[in-house]
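Student: My questions all concern the structure below.
The values are calculated or read from the model by the stated rules, or taken from the named source; none is laboratory data. The shown structure was predicted, so the numbers you read here are calculated from the model rather than taken from an experiment. Because the Cβ atoms are built from the backbone with ideal geometry, glycine has one as well, and the counts that use them run over all protein chains shown.
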Amino acid sequence: MKDQAARLREMINQRRNNIIEQRKTKGGPRVICVTSGKGGVGKTNFTLNLAIALSKENKKVVIIDADLGLANIDIVMGVVPKYNLMNVINGDKELEDILVNGPNGIKIIAGGSGITDLVDMPSERIGYVIEKFERLNNIADIILVDTGAGLSRSVLSFVLAAEEVIIVATPEPTAITDAYAMIKTIGKSGNKKKLSLLINRVENINEGKIAFEKLKNASEKFLNIKVEKLGFLSEDISVSRAVKSQNPFLLQYPNSPVSKNIELIAMRIIDETHGEGEFHTSGGFFNKVLSLFR
C-alpha cells in the first residue's frame, strides 16, 4: 500500500512539466523567503532540509544565507564557504565562483557582511551586482532566502521583497507572539504576498493545529491577512543527532517522521496550487531588496 507521500508524488508528476514551462515564461526562479519572529525555532535547519527535499524532486535549488548576524547554514551543513557575496561586490569573483556545493546538488551563497555593504554602494555599482544576480536565472528553479530572525531592517528588506514568505514558529507562546508580530509588520507594509506558516517541533499533530489556528484566526480577525498552513514538523531526536554530526536529517535519517513530513511540505510547494502568482527574475528580487535597504 502506497504511503501518502508516494500518492502525492504521482499526482504532482502528472502536472510538473506544464508547471515548469509556465514558470519559465514568467521570467525566472521562484524566490521564497524563510524567516521567523524569533531565533531558535529551527529556521535554518528547516531551510537546508527543505532545499534537499526539493532537489530530490528534480528542482535546482539555491540557498542564500542572508542571516547577517549569525549566518550558520555552513555550520549545519559542515562546510565552510571560501568566498561570500563581498567577493562579488569587490569584483574579485563571479557569482558562480562563490556558490558552495551542498548535499544532493543544492547550491549555497554565503551573504556575510557583503549584504549590508550594498547599502552604501553607488548606484552604478549596485547595477553591476544586480546584473551578476541575474545569472541565478539559469542556475535555479527555486531560491530560498534564509533570513535572520526578528524585525530588523535587513530581515524585513528580504521579507518584503519576496513574493512568497514562509514563517517558521514553534508552539511556544513567545514564538507564536513573535510570529504574529512579523505577520503584522508585513501587513502594515501593504505588500501583498503569499504567507505560509510552518510549525516546528510539535509533540503531536493536535499541538501543531492549535498553534496554527491561533495565528491564523488572529491574523484574519485583527489584521485581515490570510495565512496558509504549510505543515508541521515533529519534535524528533533524529534532528538533534543530525545537527551534532553536521549532516542534514533528511539524508542521515530518511525514514524518520520529520523527514517524511518535510518531503510532503516540499511537494506542497512544488504543487501548482502553492505556486500561483507573479514570478520575477532574481535580479528583480534584489532590486526590491536594495530599494528597501536604501
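Student: Anything in segment 84-109 that is more than 20 Å from the chain's Cα centre (by Cα) and charged (D, E, K, R)? List them, or say none. Show your work before the answer.
Tutor: Taking segment 84-109 first, the residues more than 20 Å from the chain's Cα centre (by Cα) are 86-94, 96-97.
Of everything in segment 84-109, those that are more than 20 Å from the chain's Cα centre (by Cα) and charged (D, E, K, R) turn out to be Asp92, Lys93, Glu94, Glu96, Asp97.
Student: If you don't mind, there's one more thing I want to ask. With respect to the numbered conditions (1) among the aliphatic types (A, V, I, L, M); (2) modelled with pLDDT under 85; (3) part of a helix (DSSP H, G or I), which one is the sole condition not fulfilled by Ala175?
Tutor: Just one mismatch for Ala175, condition (2).
Student: Here is a follow-up. Of everything in segment 244-256, what is of a type outside the set (S, T, N, Q), surrounded by fewer than 17 Cβ atoms within 10 Å (Cβ to Cβ) and within 21 Å of the chain's Cα centre (by Cα)? Give them in sequence order.
Tutor: Selection gives Leu251, Pro254.
Student: I want to confirm something. Restricting to segment 188-207 and keeping residues that are touching a strand residue (DSSP E or B) at 6+ places or on another chain (Cβ under 9 Å) and in a helix (DSSP H, G or I), which single residue is modelled with the lowest pLDDT?
Tutor: By that ranking, first place goes to Ile205.
Student: I've got another one for you. Looking at segment 65-104, which of the residues that are in a helix (DSSP H, G or I), out of contact with any strand residue (DSSP E or B) (no Cβ under 6 Å at 6 or more places or on another chain) and under 19 Å from Ala242 (Cβ atoms) is modelled with the lowest pLDDT?
Tutor: Asp74
Student: With respect to Val159, determine if the residue is modelled with pLDDT of 85 or more, in a strand (DSSP E or B) and hydrophobic (A, V, I, L, M, F, W, C).
Tutor: no
Student: Using the structure shown, decide if Asp146 is crowded, with 19+ Cβ neighbours inside 10 Å, in contact with a Lys or Arg (Cβ under 9 Å, 6 or more places away or on another chain), under 22 Å from Val239 (Cβ atoms) and at pLDDT below 75.
Tutor: Spelling it out, it is not the case that Asp146 is crowded, with 19+ Cβ neighbours inside 10 Å, in contact with a Lys or Arg (Cβ under 9 Å, 6 or more places away or on another chain), under 22 Å from Val239 (Cβ atoms) and at pLDDT below 75.
Student: Which condition breaks for Lys107 when tested against (1) at pLDDT 65 or above; (2) surrounded by fewer than 20 Cβ atoms within 10 Å (Cβ to Cβ); (3) of a type in the set (D, E, K, R)?
Tutor: (2)
Student: Tell me, which residue of segment 203-214 that is surrounded by fewer than 21 Cβ atoms within 10 Å (Cβ to Cβ) and either within 19 Å of the chain's Cα centre (by Cα) or hydrophobic (A, V, I, L, M, F, W, C) (or both) is nearest to Asn261 (Cα to Cα)?
Tutor: Ile205
Student: Right, next: Can you name the residue in segment 153-199 that is without any contact (Cβ under 8 Å) to a residue 24 or more places away in the chain and over 21 Å from Phe232 (Cα atoms) and, of all such residues, is surrounded by the fewest Cβ atoms within 10 Å (Cβ to Cβ)?
Tutor: Among those that are without any contact (Cβ under 8 Å) to a residue 24 or more places away in the chain and over 21 Å from Phe232 (Cα atoms), it is Gly190.
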